[in-house]
Amino acid sequence: MVGWIISLIGFIILFNIVGKQQRKGKNASTIRKIIACILCFHINGILSFLLYEPVMEVFDISTDGFMNMNGFVTATVIWMVIALIVLVVTSYAKELLGSLYGTVRTTQKVFLFLPVILLIVFFVAASFK
C-alpha cells in the first residue's frame, strides 16, 4: 500500500513537471496523457484497496468456501463505483482538466466497463468447473 501511495506521489510530481515543460513550448502532450491514465489507475486502485475491507465488514460478505467469488465481485463493484464517481466528478471539473478532460473521461469509461467483462469471463470459467 505504501508503495502505491509513493508511486502516486511520484506520478503526480512527474505530471506537474511534464505540464511545466508543455507550457514552455515543448510538446509533451502524449506523455502527459499517459501519466494522466496512470494517475487514474492509481486513484482507482488505492481507493478500491482502502474501501475493500470496510465494505466486506459493513455488508458482512463471507469469502469462505471453495470457488467463492464474493470477494472478487465485491472488489470489482467497488472499482466500478469509484470509476463512476470519478467520471461524474470529471464532468464537473471539465474546465480544470482542460485538454485532459477527454483522456480522463475515456480512461474512466474503460475502467468502468472492463470489470464487467472480467466478471463475465470469470463467471463463464467458474461455470465450467
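The numbers here are math on the coordinates, done by the rules we state, and not lab data. None of the values given here were measured: they were computed from a predicted structure. Cβ atoms come from the backbone with ideal geometry, glycine included; neighbour counts cover every protein chain shown.
Projecting label points 7 angstrom from Cα along Cα→Cβ for ASP64 and VAL121 puts them 3.2 nm apart.
Say R0 is 25 Å: what FRET efficiency, to the nearest 0.05, do ILE85 and SER7 get from their beta-carbon distance? The computed FRET efficiency comes out at 0.70. Between SER29 and LEU96, the FRET efficiency estimated from the beta carbon spacing at R0 = 22 angstrom works out to 0.80.
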